[in-house]
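**Student:** Sending over a structure as structure tokens; questions will come in a sec.
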Amino acid sequence: MTAPTLAIDDLRLGFRGWAGTAEVLHGISLHIAKGERVALVGESGSGKSVTARLVLGLVQELRGARYSGRMAFEGRDLGTLSRREREALRGDRISMIFQDPTSSLNPVYTIGTLFHEVLRRGNPGIGAAEARERAVAALDDVAIADPGRVLDSYAFQLSGGMNQRVLIAMALANSPSLLLADEPGTALDVTVQAQTLALMQQLVARHGASMLFISHNLGVVREFADRVYVIYKGRIVEQGPTEGLFEAPLHPYTRALMAAVPRITGEGIPEIDEEQTGFYDPLVAHPGYSEAELRP
Amino acid sequence: MSPVVRLLIKRIATSFIVLVGVSMLIFTIARVIPGDPARIALGPNASTEAVEALRDKLHLNDAFVVQYGYFIADLARGDLGQSLYSNRPVTADIAAYLPATLELVFFAGTTMILIGVPLGMLAARYRDRPLDHAIRLFTMLGVSAPDFVWAVILMLVFAYFLPVFPIAGRISDSFAVPHVTGFLTIDSLISGDLAAFGNALWHLALPAFALSFAGIGQSARLTRANMVETYRKPFIEMALAFGFPQGRIARRFAFKPSMIPSLTVIGLDLASMLGNAFLVEQIFAWPGLSRYGVAVILRKDLNAIVGTVLIISAMFLIVNIVVDLLVALINPRIRLSQRSS
């Protein structure tokens, strides 16, 4: 059996500060098989974004960050890679899409210049003309009607939805095997968000990339993920197939999370008492979906 | 018309209005300060008749507004009047002294930008590490004492105790550089005299560094602060996540956005060197406009005061126009917002 695209075992992370170490992750384990779309769901501050940044190696460069555990990308232990090797993976084998597309694009460079820089990650010697040609093709793929004009524009001249599609095109330009999507499109309005996510989904499938989808939006997760991990305060509390998890949430925190989804017909969001409802109960895995069963 | 040209025209028009205002202000101030310029020029032994005659010649007995009218009419012809101090036309004096000051300020400004900005970039990239602290110490040193103090210290250390630099003047007497522009570095290059060029640079080193030290400190600290701020922006995280090389992020993707706020202040620093040069020129016996300015103020030489201040204001405004254009060039938001109305 081939190694999973991403395998994380007992990942712990803390930040050392003046008043001791603040523990952020308390030993999380997850994996993404090749071509699989996995969601990591949790509230703000639960540790979902920091997990993605650990995979990219961005957190390791912060002073005071202390982490332990094993992260393997396509069988290579990320912990043993040098800084240079880790950087070589970024933007090429692993890429990332961000929450707010417009502020994620440098305001003083045109989209074309940024795209050239992105393509240089896959092919360091790429010239301006070839880069432009490939960028036009990539923007075509994300259904941008006038790629030439977009490449000559600055991010602030384009709409948020347009920028999101530009970022998706950039993230997939070097055909990465893993795409980390950190709350993509949360800054967009719902209809545009739905369109761009559907587009991203198609393209990820076409490129055969695996995806880690980080979100607090359960509706989006239900639509786009094969499997779901629920994270709460630095611990995975439940994992299972998307349908199973949504049909029958087992962990008290997952149930609370689902109850918190606003509904048009509902009476409103219930009060949730964190202390009483067993949110710190141990991990619940749906039958056949524990890490041990999925990763022989 | 390109947006940058439109911006340039707008800035020149507003600068012109500023210059008119400055001329009124300095014209008034020069006449309000006590002392009779004619008496000072002719000395205590001159007869009352002679002083009266000179006052008439200078239109000093006319109404204030009429005096200003004469001044503007002369100015339109490019005539700033006679200097009572040097007995030459003020324009000739300015032409003689301005190049020395501009040369000093140009080299001090270049030193400030070429040392200060890279130091700030390094400090930001290695923030909170030993290099950052070392740079902070150095820049604090620069801003902690006024430039004339540094001028004296540098002169004592590097020209007196360790005589590696000349103690005063623009060039050694053994060199005769033909006068073309008045800038000794340019004139020596025009005449192909490399030894004279080197000698002029050697004379420039200490005063230029003394004049720029505070600016180096300020531009380094400003660049660092703006770069650190930029490093927190989502587009830098995006650049890191896409694996853009760290060096290219520092030199391009973080640097350019950071320079937008820094440039304006660096430009003001550069312009204020014109004024700060007063004391540095005194200390290094630099035959510049600032030294001339001090001399004419003490002698209440009205025409020369007004002329000197006007020229320095004009230089200040030119620096500001250049800075505005540079900001527009690196900031597409400003560049693209200059639409025709």
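The values are calculated or read from the model by the stated rules, or taken from the named source; none is laboratory data. Quick caveat: nothing in here was measured; it's all calculated off a predicted structure. Here the Cβ is made from the backbone with ideal geometry for all residues, glycine too, and neighbour counts use every protein chain on show.
**Student:** Return yes when residue A:120 is within 19 Å of residue A:49 (Cα to Cα), within 11 Å of another protein chain (Cβ to nearest Cβ) and in a helix (DSSP H, G or I) and no when it is not.
**Tutor:** Values: within 19 Å of residue A:49 (Cα to Cα): no; within 11 Å of another protein chain (Cβ to nearest Cβ): yes; in a helix (DSSP H, G or I): yes.
The answer is no for residue A:120.
**Student:** Would you pick out the residues in the stretch A:60-117 that are of a type in the set (Gly, Ala, Ser), under 21 Å from residue A:33 (Cα atoms) and not in a helix (DSSP H, G or I)? Before the answer, list the steps.
**Tutor:** Keep residues of the stretch A:60-117 that are of a type in the set (Gly, Ala, Ser), which gives A:64-65, A:68-69, A:72, A:75, A:79, A:82, A:88, A:91, A:95, A:103-104, A:112.
From what is left, the residues that are under 21 Å from residue A:33 (Cα atoms) are A:69, A:72, A:75, A:79, A:91, A:95.
Passing the criteria: A:69, A:72, A:75, A:91, A:95.
**Student:** Pick from B:239, B:277: which is free of Cβ contacts under 8 Å to residues at least 60 places away in the same chain and either in contact with a His (Cβ under 9 Å, 6 or more places away or on another chain) or crowded, with 24+ Cβ neighbours inside 10 Å (or both)? If you could, list the steps in order and put the result at the bottom.
**Tutor:** On the way: B:277 fails: free of Cβ contacts under 8 Å to residues at least 60 places away in the same chain.
The unique qualifying residue is B:239.
Results for (1) at pLDDT 90 or above; (2) assigned to a loop (DSSP other than H, G, I, E, B); (3) within 14 Å of chain B (Cβ to nearest Cβ), shown as yes or no for each residue.
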residue: A:163; (1), (2), (3): yes, no, yes
residue: A:169; (1), (2), (3): yes, no, yes
residue: A:174; (1), (2), (3): yes, yes, yes
residue: A:180; (1), (2), (3): yes, no, yes
residue: A:187; (1), (2), (3): no, yes, yes
residue: A:193; (1), (2), (3): no, no, no
residue: A:200; (1), (2), (3): no, no, no
residue: A:212; (1), (2), (3): yes, no, yes
residue: A:219; (1), (2), (3): no, no, no
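**Student:** Answer with yes or no whether residue A:171 is within 28 Å of residue A:88 (Cβ to Cβ), among the aliphatic types (A, V, I, L, M) and touching a Gly at 6+ places or on another chain (Cβ under 9 Å). Can you show your working first?
**Tutor:** Working: within 28 Å of residue A:88 (Cβ to Cβ): yes; among the aliphatic types (A, V, I, L, M): yes; touching a Gly at 6+ places or on another chain (Cβ under 9 Å): yes.
So residue A:171 passes the test.
**Student:** Continuing with the same structure: Scan A:131, A:143 and give me the residue that is part of a loop (DSSP other than H, G, I, E, B) and either buried (at least 19 other Cβ atoms within 10 Å of the Cβ) or at positive phi (or both).
**Tutor:** A:143
**Student:** Considering the stretch B:119-143 alone, what residues qualify as being in a helix (DSSP H, G or I), without any contact (Cβ under 8 Å) to a residue 12 or more places away in the chain and exposed (fewer than 14 other Cβ atoms within 10 Å of the Cβ)?
**Tutor:** Within the stretch B:119-143, B:130, B:133, B:137 meet the criteria.
**Student:** Still on this structure, please answer the following. As an exercise: evaluate residue B:252 against (1) among the charged types (D, E, K, R); (2) in a helix (DSSP H, G or I); (3) touching a helix residue (DSSP H, G or I) at 6+ places or on another chain (Cβ under 8 Å) and give the number of the one condition it does not meet.
**Tutor:** With (1) among the charged types (D, E, K, R); (2) in a helix (DSSP H, G or I); (3) touching a helix residue (DSSP H, G or I) at 6+ places or on another chain (Cβ under 8 Å) applied to residue B:252, the lone miss is (3).
**Student:** Taking the residues in the stretch A:18-33 that are among the small types (Gly, Ala, Ser) and under 17 Å from the mean Cα position of the chain (by Cα) as candidates, determine which candidate is nearest to residue A:63 (Cα to Cα). Before you say what the answer is, go through the steps one by one.
**Tutor:** Filtering the stretch A:18-33 down to residues among the small types (Gly, Ala, Ser) leaves A:19-20, A:22, A:27, A:29, A:33.
Narrowing the set further to residues that are under 17 Å from the mean Cα position of the chain (by Cα) leaves A:29, A:33.
Working: A:29: 24, A:33: 32 Å.
By that ranking, first place goes to A:29.
**Student:** Give the stretch A:277-296 a look and list any residue that's surrounded by 15 or more Cβ atoms within 10 Å (Cβ to Cβ), of a type in the set (Gly, Ala, Ser) and in a loop (DSSP other than H, G, I, E, B), or say none.
**Tutor:** A:290
**Student:** Right, next: Please go through (1) at pLDDT below 90; (2) surrounded by 18 or more Cβ atoms within 10 Å (Cβ to Cβ); (3) within 11 Å of another protein chain (Cβ to nearest Cβ) for residue A:84 and return the number of the only condition it doesn't satisfy.
**Tutor:** Condition (2) is where residue A:84 drops out.
Residue-wise test of (1) over 21 Å from residue B:106 (Cα atoms); (2) in a helix (DSSP H, G or I); (3) more than 14 Å from chain A (Cβ to nearest Cβ); (4) polar (S, T, N, Q).
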residue: B:261; (1), (2), (3), (4): yes, yes, no, no
residue: B:267; (1), (2), (3), (4): no, yes, yes, no
residue: B:277; (1), (2), (3), (4): no, yes, yes, no
residue: B:290; (1), (2), (3), (4): no, yes, yes, yes
residue: B:294; (1), (2), (3), (4): no, yes, yes, no
residue: B:303; (1), (2), (3), (4): yes, yes, yes, yes
residue: B:306; (1), (2), (3), (4): yes, yes, yes, no
residue: B:316; (1), (2), (3), (4): no, yes, yes, no
residue: B:329; (1), (2), (3), (4): yes, yes, no, no
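**Student:** Let me ask something else. Could you please give the count of residues in the stretch B:200-256 that are more than 12 Å from every other protein chain (Cβ to nearest Cβ) and more than 30 Å from residue B:104 (Cα to Cα)? Quick ask: steps written out before the conclusion?
**Tutor:** Of the residues in the stretch B:200-256, the ones more than 12 Å from every other protein chain (Cβ to nearest Cβ) are B:200-229, B:250-251.
So of that shortlist, the ones also more than 30 Å from residue B:104 (Cα to Cα) come out as B:228-229, B:250.
Count: 3.
**Student:** Moving on to the next point. Is it true that residue B:272 is more than 9 Å from every other protein chain (Cβ to nearest Cβ), surrounded by fewer than 20 Cβ atoms within 10 Å (Cβ to Cβ) and more than 30 Å from residue A:117 (Cα to Cα)? Break it down into steps so the answer makes sense when it comes.
**Tutor:** Numbers: more than 9 Å from every other protein chain (Cβ to nearest Cβ): yes; surrounded by fewer than 20 Cβ atoms within 10 Å (Cβ to Cβ): yes; more than 30 Å from residue A:117 (Cα to Cα): yes.
Here the answer is yes, as residue B:272 does meet what is asked.
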